[in-house]
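Reading through the structure tokens given below for one structure.
The values are calculated or read from the model by the stated rules, or taken from the named source; none is laboratory data. Computed from a predicted model, the values in this text were never measured in an experiment. Reconstructed Cβ throughout: ideal geometry from the backbone, glycine too, with neighbour counts over all protein chains shown.
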Ligand SMILES: *Cc1c(COP(=O)(O)O)cnc(C)c1O
């Protein structure tokens, strides 16, 4: 399997090359040259596989530069009941007639990002050992991504993590989750500033090519193809749990921000998994909902990006969206470049409303969308607690609300649960008047010793810290 860039660069790469890279050299995103097609006989064979073996089967179709026995061992080591809490790994439960929750948030940091990040940690360790290389991951986080990356990379050979976060601005629970890690290869850097300062520092360091090369700086951001690929697996696992046979359609609703999660659903559908509809659920930051309703993609300025009670969906532009648009325009790289380089670059928007490719998009690709507000989240959290004695986090609540707008009798609707309620206790308290229960392993973490350095919002200071800690 070879990978190409959405922006038409002539080079073709193998999986392990793009594993350690971010963007393609022309600024595009990597995609496989084609999606492997799954026939009903294969679906039947996969239906009863344990999660780790299903992951191996799907990953094998996209990874041909890791020996099968090694890849199988990596999957087996990643997806265990010990790490994810159950043998099913992503258990499905029926909430009400035809509406299901797929639990993706029982990994180490209680959000779905663990599903991909845990695999990435093991793939990185494997590939770096094979190359005799090292990698220093530099990142910026306001919460979920940073902790998922740290829990995936802790103790891994050949990898160090330097994670910047805005000093004092994460929730006490999130701070405790990250700062209580005592592993020598994990470095928490609290920046005196806001999240944008952290992101600017990461950009400045990455743009210093000499430094970047000398210190082998890499990232784990959501545009990494391996993360997306890992997420394809739980669409298959959800499908098998929601159906008794492989001729039944299923729909999924996905709380969305950077379009990584739902893009994995798109890939599963392109492979032939019988997905009827993919509902993109957004909060007040509704760039994606606007696109699917109107055909206009209009990125927002920082001042127009709302701080909401589903903060992991607070995005101004969706960094994985280019992958879907590439398929939407028939994989025409010139057309893609016009949209993402010329139109977005000059005007901050593109308009496909009159394009035939958009007109039948819902039909061809199955996408629908909806948007929720803070009041919707509170109402959904209360209603779900009252009627089903189930607590959901604000992101999953956005999903549930959207899902109900697209129910079709006889077609199971699977809502992806993207975080556990304890991560967003403040909003749960606002909705219900009490704190959600906390898993045992997180009891009292706020009191643990913290491992964090404080630095000014200055790229030079961060570079100096990295240099000092790289021997
Ligand atoms: C990251 C995240 C999302 C958004 O996922 P994307 O892949 O960026 O669309 C939704 N909910 C939670 C809890 C998250 O952490």
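Would you check which residues across the stretch 249-268 are away from the ligand (no atom under 16 Å from the Cβ) and touching a helix residue (DSSP H, G or I) at 6+ places or on another chain (Cβ under 8 Å) and list them?
Residues satisfying the conditions are 250, 251.
Is it true that some residue in the stretch 107-117 is more than 13 Å from the ligand (Cβ to nearest atom) and either part of a loop (DSSP other than H, G, I, E, B) or modelled with pLDDT of 95 or more (or both)?
yes
Suppose we filter the stretch 302-318 for residues that are in a helix (DSSP H, G or I) and either within 15 Å of the ligand (Cβ to nearest atom) or surrounded by 14 or more Cβ atoms within 10 Å (Cβ to Cβ) (or both); how many remain?
The qualifying residues number 3.
Before we move on, is residue 195 in contact (Cβ under 8 Å) with a residue 24 or more places away in the chain, closer than 30 Å to residue 267 by Cβ and either outside the structural domain of residue 48 (by TED's automatic domain parsing) or crowded, with 24+ Cβ neighbours inside 10 Å (or both)?
So residue 195 does not fit the description; no.
Checking residue 430 against (1) more than 19 Å from residue 146 (Cβ to Cβ); (2) over 28 Å from the mean Cα position of the chain (by Cα): exactly one of these is not met. Which one?
Of (1) more than 19 Å from residue 146 (Cβ to Cβ); (2) over 28 Å from the mean Cα position of the chain (by Cα), only one is false for residue 430: (2).
Which fully enclosed helices (runs of 4 or more DSSP H) of the stretch 338-429 have 1 or more residues being within 30 Å of residue 170 (Cβ to Cβ)?
Where helices (runs of 4 or more DSSP H) fall fully within the stretch 338-429 and carry at least 1 residues being within 30 Å of residue 170 (Cβ to Cβ), they are 374-388, 394-403.
Given the structure, is residue 220 farther than 30 Å from residue 405 by Cβ, at pLDDT below 95 and surrounded by 23 or more Cβ atoms within 10 Å (Cβ to Cβ)?
Judged against the criteria, residue 220 is a match.
Restricting to the stretch 64-106, what's the tally of residues that are modelled with pLDDT of 95 or more, in contact with a helix residue (DSSP H, G or I) (Cβ under 8 Å, 6 or more places away or on another chain) and assigned to a strand (DSSP E or B)?
Of the residues in the stretch 64-106, 6 are modelled with pLDDT of 95 or more, in contact with a helix residue (DSSP H, G or I) (Cβ under 8 Å, 6 or more places away or on another chain) and assigned to a strand (DSSP E or B).
Within the stretch 121-151, restricting attention to residues that are within 14 Å of the ligand (Cβ to nearest atom) and part of a helix (DSSP H, G or I), which residue is farthest from the chain's Cα centre (by Cα)?
151
Please enumerate the residues belonging to the stretch 1-26 that are part of a loop (DSSP other than H, G, I, E, B) and within 20 Å of the chain's Cα centre (by Cα).
6, 20, 21, 22, 23, 24
Within the stretch 395-410, can you find the residues that are in contact with a strand residue (DSSP E or B) (Cβ under 8 Å, 6 or more places away or on another chain) and within 16 Å of the ligand (Cβ to nearest atom)? Can you show your working first?
Here is the first cut: in the stretch 395-410, the ones in contact with a strand residue (DSSP E or B) (Cβ under 8 Å, 6 or more places away or on another chain) are 395-396, 398-408.
Scanning the stretch 395-410 gives 395, 396, 398, 399, 400, 401, 402, 403.
Given the structure, is residue 375 in the same structural domain as residue 293 (by TED's automatic domain parsing) and without any contact (Cβ under 8 Å) to a residue 60 or more places away in the chain? It would help to see each step written out before you state the result.
Details: in the same structural domain as residue 293 (by TED's automatic domain parsing): yes; without any contact (Cβ under 8 Å) to a residue 60 or more places away in the chain: yes.
Yes: the conditions hold for residue 375.
Restricting the first residue to the stretch 253-273 and requiring it to be farther than 19 Å from residue 400 by Cβ, which pairs with a second residue that is modelled with pLDDT under 95 and away from the ligand (no atom under 12 Å from the Cβ) meet a Cβ separation below 6 Å and a spacing of at least six or different chains?
Close Cβ pairs satisfying both conditions: none exist.
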